[in-house]
Amino acid sequence: MSANRRGLVTFSTIDPAVALSGALAKSRAEIIAELTASRLKGRGGAGFPTGVKWNLAAAAKGAAKYVICNADEGEPGTFKDRVILAEVPDLVFAGMTIGGVAIGAARGIVYLRGEYAYLREGLEDVLARRRAAGLLGAQVMGKATPFDIEIRMGSGAYVCGEETALIESLEGQRGEPRNRPPFPVDTGFMGEPTIVNNVETFACVAAIFTKGASWFASIGTEKSTGPKLFSVSGDCARPGVYEFPMGITVAELLREVGGEDAKAVQIGGASGRCVPAAEFARSISYEDVSTGGSVIVFGPGRDMLAVAKNFMEFFVEESCGQCTPCREGNVKLLEGIRMLEEGRCSARYLDELLTLGEVMQNASKCGLGQSSPNAFLSIVAHYRDELMGRVHERAR
Amino acid sequence: MLQTEQQRLKEDIGRWVERYGARRSSLIPVLQEVQAKYTQISEYAMQEVADHLEIHPVEVYSVVTFYSFLAEAQQGKFVIRLCRTISCDMAGKERVARQLENDLGIRFGETTKDGKFTLAWANCIGMCDQGPALLVNDHVFTGVTSEKVHDILQLCQKSFGPLAVHANRDHEGVRR
């Protein structure tokens, strides 16, 4: 029963040609109004309203404007963008083209992570086909609006999923995030107005211009509209990509994926939060537990300290090193985890680590550092007893 | 480096700069081409790219050292990147790692003496539901067990075909 509900349920029913012609029949203002009415929020995880973003970029003045698709899907436990790009790339390209028309951009760029290089050739083929069909090029569908898309590859840096780091990388720099403001909608790629949206967000745009904003807004909750793709992995019977309406509870999701006996679930990847079994009634939505789609299930036997350690090793490796709270803080937290592992961390020092985590949340420059302590903080909050007073077998 | 090899690198860089355009935003695509064809970005290559883009070679160096897929040191013909992030970790990546080290006779971060294999860790490669997963150059292998390690290495040893080729190769045909 569950098996046939897996996959791209909504997206596979959307005709990208219908989406594009539907959008092109509208004025720029009408496109943005429709998008705003859908109350679509960014599917990468941050949840910024897409209509607002596009409206700001449309109003901004610039010599050129850009549409960037963030396909640097690096959040641990996330793989739904890979599936979208492999199965329904036309939806993403149609969504980007609608974005180009809406904000007045002639150029779109897909920033594809280096780890997904094997997807590139197929995507180039789809782009070539769209050019031949007149869906990209000097005249999109015979209208006086030029738009074309190119693919640029990432080179193995998680931080480039942060939109300003991504732009730095496209400009040929180290992927170090910029201060915001100014935001990319007025000072983006090459200093020009730019929208950066997630792969799934663009696919949602195509769905909205096929089925209508009111259809989209009728799914999910008041503040979190539409269907959402979830990448489910870890200790469950049926891992994979699932589509659920926003607002589903953790318990409902676990039933679908065969992970009812879970001890905890990490929602939102390494930068997300650990939800313990006692809180499985919480809903996955922007207003409760927010996620870009990553759901990692931890079974009854899992050691939560090992989980926290894996996440902290990830952040120590992936911090760009630009700002002190993130560069140094992650190292100190990992050190603390090693002390816990060896059973030589005092309760007072653990509290100091929690304070350090809060400092990192407040003082880091970008989302990476601001969210990197989340997993550790939430694991300590819920599993303090499990972490402390360990008896360590010291190597002789 | 032999004179002829250096000449070839110089010509390649000139060609790639021409294709992507002599601007700073072309830096990473050009470096990716160098990496794919020469399995490293040597000091000579950095200087050459810097000259073409009219930037200081230190700028190129700072970019090369930032990205984990760009390398100063010579990499093997086959770069094996085993995912070490949580889902692959829980699925048993550690045993796969041990077997890779045993079969290749090197540790992670090293390259075999014959220059064929480099063993590296990767952070989440987006195959979390099918772990343990690894990349061999641009090709992905999922559900890897310690037993399958041997088969994968054998495939590389015999391969002068698709596995040896980077997907990031010349896109002359499809690029506008």
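Some notes on this structure:
- Candidate set: region A:169-204, residues that are of a type in the set (S, T, N, Q) and surrounded by fewer than 20 Cβ atoms within 10 Å (Cβ to Cβ); chosen: the one nearest to the other protein chains (Cβ to nearest Cβ): A:GLN173
- Count of residues meeting criterion [closer than 30 Å to A:GLN173 by Cβ and touching a Cys at 6+ places or on another chain (Cβ under 6 Å)] in region A:316-374: 4
- Listed by first and then second residue, the pairs linking a residue in region B:85-106 that is under 12 Å from B:GLY131 (Cα atoms) to a residue that is small (Gly, Ala, Ser) and in a helix (DSSP H, G or I), with Cβ atoms under 7 Å apart and 6 or more places separating them unless they lie on different chains, are B:VAL96/B:SER146.
- Residue match in region A:293-302 (condition: in contact with a strand residue (DSSP E or B) (Cβ under 7 Å, 6 or more places away or on another chain) and at pLDDT below 95): yes
- Any hit, region A:205-225, residues being modelled with pLDDT of 95 or more, within 14 Å of another protein chain (Cβ to nearest Cβ) and buried (at least 20 other Cβ atoms within 10 Å of the Cβ): no
- Consider region B:9-57 and keep the residues that are assigned to a helix (DSSP H, G or I) and either of a type in the set (S, T, N, Q) or assigned by TED's automatic domain parsing to the domain that holds B:GLY115 (or both). The one that is nearest to A:GLU115 (Cα to Cα) is B:GLN32.
- Matching entry among A:CYS326, A:CYS274 (being assigned to a helix (DSSP H, G or I), at pLDDT 95 or above and surrounded by 14 or more Cβ atoms within 10 Å (Cβ to Cβ)): A:CYS326
- Test result for A:LEU91, out of contact with any Lys or Arg (no Cβ under 8 Å at 6 or more places or on another chain), within 14 Å of chain B (Cβ to nearest Cβ), in contact (Cβ under 8 Å) with a residue 24 or more places away in the chain and in a helix (DSSP H, G or I): no
- Residue match in region A:88-103 (condition: under 16 Å from the mean Cα position of the chain (by Cα), closer than 24 Å to A:TRP54 by Cβ and buried (at least 24 other Cβ atoms within 10 Å of the Cβ)): yes
- A:GLU124 satisfies every condition listed in (1) surrounded by fewer than 24 Cβ atoms within 10 Å (Cβ to Cβ); (2) within 14 Å of chain B (Cβ to nearest Cβ); (3) under 21 Å from the mean Cα position of the chain (by Cα) except (3).
- Whichever residue in region B:67-78 is out of contact with any Leu (no Cβ under 9 Å at 6 or more places or on another chain) and surrounded by fewer than 22 Cβ atoms within 10 Å (Cβ to Cβ) and, among such residues, is nearest to the other protein chains (Cβ to nearest Cβ): B:SER68
- The residues of region B:31-48 that are more than 9 Å from every other protein chain (Cβ to nearest Cβ) and either under 21 Å from A:ILE151 (Cβ atoms) or in contact with a strand residue (DSSP E or B) (Cβ under 6 Å, 6 or more places away or on another chain) (or both), listed by number, are B:GLU33, B:VAL34, B:ALA36, B:LYS37.
- Tallying residues that are aromatic (Phe, Trp, Tyr) and in contact with a helix residue (DSSP H, G or I) (Cβ under 6 Å, 6 or more places away or on another chain) within region A:152-185 yields 1.
- Residue satisfying condition, being surrounded by fewer than 16 Cβ atoms within 10 Å (Cβ to Cβ), in the same structural domain as A:PRO184 (by TED's automatic domain parsing), over 22 Å from A:GLY220 (Cα atoms) and not charged (D, E, K, R), within set A:VAL18, A:VAL67, A:VAL52, A:VAL9: A:VAL18
- Checked against the criterion of being within 14 Å of chain B (Cβ to nearest Cβ), under 20 Å from A:GLY45 (Cα atoms), in contact with an Asp or Glu (Cβ under 7 Å, 6 or more places away or on another chain) and in a strand (DSSP E or B), the candidates A:VAL297, A:VAL265 yield just one match: A:VAL297.
- Taking the listed residues A:ASP351, A:ASP303, the one that is surrounded by fewer than 20 Cβ atoms within 10 Å (Cβ to Cβ) and either within 12 Å of another protein chain (Cβ to nearest Cβ) or under 25 Å from the mean Cα position of the chain (by Cα) (or both) is A:ASP303, with no other qualifying.
- Residue match in region A:365-375 (condition: without any contact (Cβ under 8 Å) to a residue 60 or more places away in the chain and either surrounded by fewer than 16 Cβ atoms within 10 Å (Cβ to Cβ) or of a type in the set (A, V, I, L, M) (or both)): no
- Applying the condition of being out of contact with any Asp or Glu (no Cβ under 9 Å at 6 or more places or on another chain) and not hydrophobic (A, V, I, L, M, F, W, C) to region B:111-136 and asking which residue is nearest to the other protein chains (Cβ to nearest Cβ) yields B:ASP129.
- Cβ separations smaller than 8 Å between residues 6+ apart or across chains give the following pairs from region A:146-157 residues that are within 14 Å of A:GLU115 (Cβ to Cβ) and more than 7 Å from every other protein chain (Cβ to nearest Cβ) to residues that are of a type in the set (Asp, Glu) and part of a loop (DSSP other than H, G, I, E, B): A:GLY154/A:ASP72.
The values are calculated or read from the model by the stated rules, or taken from the named source; none is laboratory data. Source: prediction; values computed, not measured. Note: ideal-geometry Cβ built from the backbone for every residue, glycine included; neighbour counts use all protein chains shown.
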